[in-house]
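Right, one structure below, let's go through it.
The values are calculated or read from the model by the stated rules, or taken from the named source; none is laboratory data. Since the structure is predicted, the reported quantities are computational estimates derived from the model, not experimental observations. Here Cβ is always computed from backbone atoms with ideal geometry, including for glycine, and neighbour counts include all displayed protein chains. Protein only, heavy atoms only, side chains kept; ligands, DNA and RNA dropped before computing areas. Shrake-Rupley method; radii C 1.70, N 1.55, O 1.52, S 1.80 Å.
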Amino acid sequence: MDSSRTSHDVTVAMVADRMRTLGAHLDGEVVQRLGLGMTACTSARKVEFDFVRLAEYIRGKHRDVQEKMYEYVISRPELQTPVDTSKDDHRELCMRQLLELVRETGIRPFGYALEDPEKYFAIMEAIGSMDISLGIKMSVQYRYYFVKLGSLWGGSVINLGTKRHKDKYFDGIDSFAMTKLHHGSNVQGIKTTATFDLVNDEFIIDTPNDGGIKWWIGNAAVHGKFATVFAKLLLPTQGVEGFSNMGVQAFIVPSREMKTHRTLPGVKINDCGYKVGLNGVDNGALRFHSVRMPRENLLNRFGDVSRDGKYTSPLPTVNKRVAATLGELVGGRVGLAYSSVGVLKIAITIAMRYCLLRQQFGPPKQPEVGIPDYQSQQHKLMPILASAYAFHFATGQLVRKCSEMKISHDDELVGDVHVGSAGLKAYVTSYTAKSTSICRESCGGHGYAAVNRFGGLRNDHDIFQTFEGDNTVLLQQVCRWFSLVLFVTWMLA
Ligand SMILES: Cc1cc2nc3c(=O)[nH]c(=O)nc-3n(C[C@H](O)[C@H](O)[C@H](O)COP(=O)(O)OP(=O)(O)OC[C@H]3O[C@@H](n4cnc5c(N)ncnc54)[C@H](O)[C@@H]3O)c2cc1C
């Protein structure tokens, strides 16, 4: 080394060299000369491929509607979520995105949900790729992407209610309140009570203590006007003083005034505040103190109360009723597994495109090579790419089975969808959570720039492992189901 050069000079020279190399990666002419054009990444690898046919095969008959969503998003840059937005701005933007998207593109989430669930999923995939908060906000409202399979607000009304509820409650932005401060996974541990008042023909909803506060409720902190609330149904015991516990049922409980948006008397709403991700969704906590509502607000598909306080149900036991009620919410899990694959596709696409253009150390005295040529880089990315395809088809099949189940109510299919959705949701969301980190690492330092999205994807997606059923608890359900099947098979053998 030239002894007159200081370490500062050497650093400057190294930085300049690095900048030249980086610049060459970005310079259009050099990129073209090296055959690394952005238009088709495969040109870097000299691969011939029919992209149109692949896209048609993968995205199927709903490719057009997805394209429409993408075109809309591109045409409205002011609706795109900035990387450095505050929680409050993000929430308002998300609400605006949802309202304008529905109004301006003419999509009808409830309609598709009933008529063509796969179309609903296709739309949600496209919307979620714009901002996962938006996808989740929409799913809390219309749940999960379609009420027919649904689970949260729209889904709970459709699946647990009867015609009177469907006719009345399809407008507005609403919430779904099952999780309590002290119990999330254990739904049967619910503390909130719904006591029937025989004189006034009303239910009275009460949160008995802090542990019973409904927590993490999507859309509740700012925008929600109604919530589907899970509560223990208490009926006056015939002939004697006291109440009988009829088990957990769902109720439609208004939380805010329709016109003024003021919180209703007896309802206390708190904001769950900043989260690790999904800050476009306003999660809140709900507490009820003697909130009265008409008897019709009971979602009465699996159990009803007559004017004289008598209980009827097509199902014989409390456990069967709880199982049927929770079973109707399986669509949320199906939707989450499907959406998680959407996140995986985005992460691997960004990583692959970047890596195909990125070059590092070459052989001695030779130009640098593209980083996909490193075996370790292939080991990082190729399994993720392959899994994204496999999960796409697996979750697509789950969606189809779930739609069929809703029509046929076939017992075998019900079992398949329950175990399939629990297993796939747990497996896919855990895999995606790990893979977004690997994709970030595979892009080196540039993967850490917020604008390149890995941080947002990772943070927004992380909770997919917990909500709609904690993954550990879901895998236990899968194991229990398989043990039962094995036991029955052994008994019959
Ligand atoms: C952003 C966000 C949005 C949400 N939106 C809603 C909503 O709109 N409506 C709603 O009702 N809820 C919502 N939730 C709540 C969510 O569904 C619950 O957090 C989830 O069900 C897990 O329950 P928990 O938080 O009580 O966790 P816990 O059940 O307390 O789990 C904590 C730990 O204990 C472990 N564990 C629990 N039970 C077992 C077991 N039997 N065996 C072994 N390990 C176990 C879990 O694996 C986990 O590691 C939301 C949550 C978040 C964070």
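What the table shows:
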{"read-out": "Failed item in (1) among the small types (Gly, Ala, Ser); (2) within 13 Å of the ligand (Cβ to nearest atom); (3) at pLDDT 95 or above, with ALA231 passing the rest", "value": "(3)"}
{"read-out": "So ALA493, is it among the hydrophobic types (A, V, I, L, M, F, W, C) and open to solvent by 60 Å² or more (accessible area, probe 1.4 Å)", "value": "yes"}
{"read-out": "Subset of region 207-231 (residues that are β-branched (Val, Ile, Thr) and in a strand (DSSP E or B))", "value": "ILE217, THR228, VAL229"}
{"read-out": "Residue count, region 409-447 (criterion: surrounded by fewer than 23 Cβ atoms within 10 Å (Cβ to Cβ), touching a residue at least 12 places away in the same chain (Cβ under 8 Å) and basic (Lys, Arg))", "value": "1"}
{"read-out": "Residue match in region 72-81 (condition: under 21 Å from the mean Cα position of the chain (by Cα), more than 15 Å from ALA122 (Cα to Cα) and touching a residue at least 60 places away in the same chain (Cβ under 8 Å))", "value": "yes"}
{"read-out": "Residue ID - modelled with the highest pLDDT, chosen from residues in region 281-303 that are of a type in the set (S, T, N, Q) and over 24 Å from ASP271 (Cα atoms)", "value": "ASN297"}
{"read-out": "Boolean, ASP171 is open to solvent by 40 Å² or more (accessible area, probe 1.4 Å), away from the ligand (no atom under 16 Å from the Cβ) and modelled with pLDDT under 55", "value": "yes"}
{"read-out": "Any hit, region 238-248, residues being within 14 Å of the ligand (Cβ to nearest atom) and either over 18 Å from ILE136 (Cβ atoms) or polar (S, T, N, Q) (or both)", "value": "yes"}
{"read-out": "Meets criteria (in a strand (DSSP E or B) and either under 30 Å from the mean Cα position of the chain (by Cα) or acidic (Asp, Glu) (or both)) for PHE203", "value": "no"}
{"read-out": "Residue list for region 45-82, filter: within 29 Å of GLY370 (Cα to Cα) and either among the charged types (D, E, K, R) or in contact with a helix residue (DSSP H, G or I) (Cβ under 6 Å, 6 or more places away or on another chain) (or both)", "value": "ARG45, LYS46, GLU48, PHE49, ASP50, ARG53"}
{"read-out": "Residue in region 129-148 that is away from the ligand (no atom under 16 Å from the Cβ) and either at pLDDT 85 or above or closer than 21 Å to GLN465 by Cβ (or both) present", "value": "yes"}
{"read-out": "Lone unmet requirement of (1) away from the ligand (no atom under 16 Å from the Cβ); (2) farther than 26 Å from ALA388 by Cα; (3) surrounded by fewer than 20 Cβ atoms within 10 Å (Cβ to Cβ) for TYR354", "value": "(2)"}
{"read-out": "Residue match in region 292-307 (condition: under 30 Å from VAL83 (Cβ atoms), β-branched (Val, Ile, Thr) and buried (at least 18 other Cβ atoms within 10 Å of the Cβ))", "value": "no"}
{"read-out": "Residues that are under 18 Å from SER129 (Cα atoms) and crowded, with 17+ Cβ neighbours inside 10 Å, drawn from region 448-485", "value": "ASN452, ARG453, PHE454, GLY455, GLY456, LEU457, ARG458, ASP460, HIS461, ASP462, ILE463, PHE464"}
{"read-out": "Restricting region 257-286 to residues that are within 16 Å of the ligand (Cβ to nearest atom) and of a type in the set (D, E, K, R), the residue that is most open to solvent (accessible area, probe 1.4 Å)", "value": "ASP271"}
